[in-house]
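What follows is a short report on a single structure.
Where a number appears in this text, it was derived from the coordinates with a stated rule and is not lab data. Bear in mind that the values here come from a model prediction, so they are computed numbers and not experimental data. In this analysis, Cβ positions are derived from the backbone assuming ideal geometry, glycine residues included, and neighbour counts consider all displayed protein chains.
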Amino acid sequence: MKIFKIFSDLVESQSFSRAAKLNGVTQSAVSQQLRAMEKHFNVLIVDRSQKQFRLTREGQKLYDSAKEILHRYEKLSSELQEMRKVISGTIHISTIYSIGLHELPPYITKFLKEYPSVNVRVEYRRSNLVYEDILHNSVDLGLIAFPVRMRQLEIIPFLEDRLVLICNPNHPLAQRRNVDIRDLQEFKFIGFDQDIPTRKATDQIFKEAKLEIEPVMEFDNIETVKRAVEIDAGVAIVPQATVQQEVKQGLLKVIQMRGKQFTRPLAIIHRKGRVLTPAMKKFITTLTGQAYDDVAGIDENLEAVLIED
């Protein structure tokens with residue numbers, strides 16, 4: 001079974017080093033497994049005359065069969081665990097920094113208290129890499145914001161963050177209970193990098209308000225944005241849940257924005273067709289408060305958006 005898993009990972013990642021990392025083996029071991037398969041079936045699996053990774057016709061047939069065998073094996077294993085009411089194993093999660101650091105911890109604590117035999121591994125990644133991890137089957141579940149609808153993904157709504165304005169406690173805006181979005185054009189603004197979905201969201205907010213605001217600083221994660229605001233380098237729009245600690249410590253001031261409320265939808269994603277273990281389903285239940293079978297497939301009701309952080 002291991003050889004089929006390594007082969008499938010190699011085909012999907014088109015990278016010997018990636019397949020090796022996913023399976024905890026050396027790159028040479030992946031090459032040896034491929035040659036062993038070719039020798040066993042007496043066929044050429046990879047077209048070595050091409051510069052890019054490309055399967056032969058026989059290789060494609062082997063890959064399709066390997067995926068079917070792996071799927072049946074994983075389904076059988078999951079069903080046997082369910083019959084025995086076993087909740088154990090490892091759940092590998094890929095998530096963006098803001099969710100992993102500020103939204104996820106209490107849920108993991110609650111889950112592990114109820115299911116101590118499960119090991120939860122969390123990787124902090126940029127949003128585009130979370131999608132890659134899921135599509136390449138490198139992880140089990142992804143947690144993202146502003147979910148992007150893709151044919152290969154199952155999207156399960158998780159939470160909604162409220163977006164708020166933050167500033168230094170000594171900033172001129174700090175004495176106001178709320179501000180109009182148009183007031184921001186008078187002050188320096190700190191934003192996320194342009195490829196970060198929350199940045200795309202704030203750009204859309206400014207566009208709707210007919211504002212032209214260019215950030216004086218741009219960063220790729222929420223923690224650096226907060227540090228810049230703490231030293232009074234400017235103001236920023238961030239998810240409210242990510243600044244609760246700094247507000248309690250008096251390092252930042254949160255100011256509500258008048259009129260339309262802006263939110264950031266969070267979602268759980270996994271690859272469609274993936275067999276989820278009982279532990280994974282229970283973890284999704286912990287996050288959503290609903291049984292997995294009740295929330296799976298309801299992403300059709302989500303508004304399609306093209307942004308995330």
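Normalized C-alpha radius of gyration of the chain, against 2.2 N^0.38 Å? Please list the in-between numbers first.
Numbers: Rg = 23.1 Å, N = 309, 2.2 N^0.38 = 19.4 Å.
Normalised by 2.2 N^0.38 Å, the Cα Rg of the chain equals 1.19.
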Rounded to the nearest 10 degrees, the helix 27-41 long axis (Cα) sits at an angle to the longest Cα principal axis of the chain of 40 degrees
Evaluated over the stretch 72-185, the Cα radius of gyration and Dmax, each in Å | 19.6, 62
How far is helix 57-83 tilted off the main Cα axis of the chain, in degrees rounded to 10, range 0 to 90?
-> 70 degrees
Can you tell which of D293, D220, D133 shows the greatest fluctuation in a Gaussian network model of the chain with Cα springs below 10 Å?
-> D293
Selected from T56, T95, T263 as most flexible by GNM, with the chain as the system and alpha-carbon contacts under 10 Å = T56
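Cα-Cα over 18 Å: which of K207/K260; K67/K281; K2/K51; K39/K67? Walk me through the numbers on the way to the answer.
Details: K207/K260 14 Å; K67/K281 22 Å; K2/K51 27 Å; K39/K67 20 Å.
Those over the limit are K67/K281; K2/K51; K39/K67.
Can you give me the Rg/Rh ratio for the stretch 72-122, using Cα atoms for both radii and the Kirkwood formula for Rh?
Working: Rg = 13.3 Å, Rh = 12.4 Å.
We get a ratio of 1.07 for the stretch 72-122.
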Label-to-label distance, nm, for residues given as L112 and A296 (7 Å Cα→Cβ offset) | 2.7 nm
Between rounded, prolate and oblate, where does the stretch 160-263 land on the alpha carbon gyration tensor, with a ≥ b ≥ c its root eigenvalues, rounded for a/c under 1.5, else prolate if a/b exceeds b/c?
-> rounded
How many nm separate the modelled label positions at Q244 and E74, each set 7 Å beyond the Cα in the direction of the Cβ?
-> 3.3 nm
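In this model, which of K226/K253; K21/K282; K5/K85 are farther than 21 Å apart at the alpha-carbon? Kindly include the intermediate steps, with their values, before the conclusion.
Values: K226/K253 11 Å; K21/K282 27 Å; K5/K85 26 Å.
In this structure, K21/K282; K5/K85 exceed 21 Å between Cα atoms.
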Put +1 on the Cβ of every Lys and Arg and -1 on every Asp and Glu Cβ in the chain; which of Y97, F146, F219 then has its Cα farthest towards the positive end of the dipole?
-> Y97
Is it possible to state the helix-based mean residue ellipticity at 222 nm for the chain, with each DSSP H run of 4+ residues giving -39500 (n - 2.57), the sum divided by total residues, to the nearest 500 deg cm²/dmol? What is it?
-> -12000 deg cm²/dmol
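What Kirkwood radius, in Å to one decimal, follows from the Cα pairs of the stretch 1-70?
Values: mean 1/r = 0.0839 Å⁻¹.
Evaluated on the stretch 1-70, it is 11.9 Å.
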What does the charge dipole of the stretch 2-82 about its Cα centre add up to, to the nearest 20 debye, if the Cβ of each Lys and Arg holds +1 and the Cβ of each Asp and Glu holds -1?
-> 380 debye
To the nearest 20 debye, what is the magnitude of the charge dipole of the stretch 160-263 about its Cα centre, counting +1 on the Cβ of each Lys and Arg and -1 on the Cβ of each Asp and Glu?
-> 500 debye
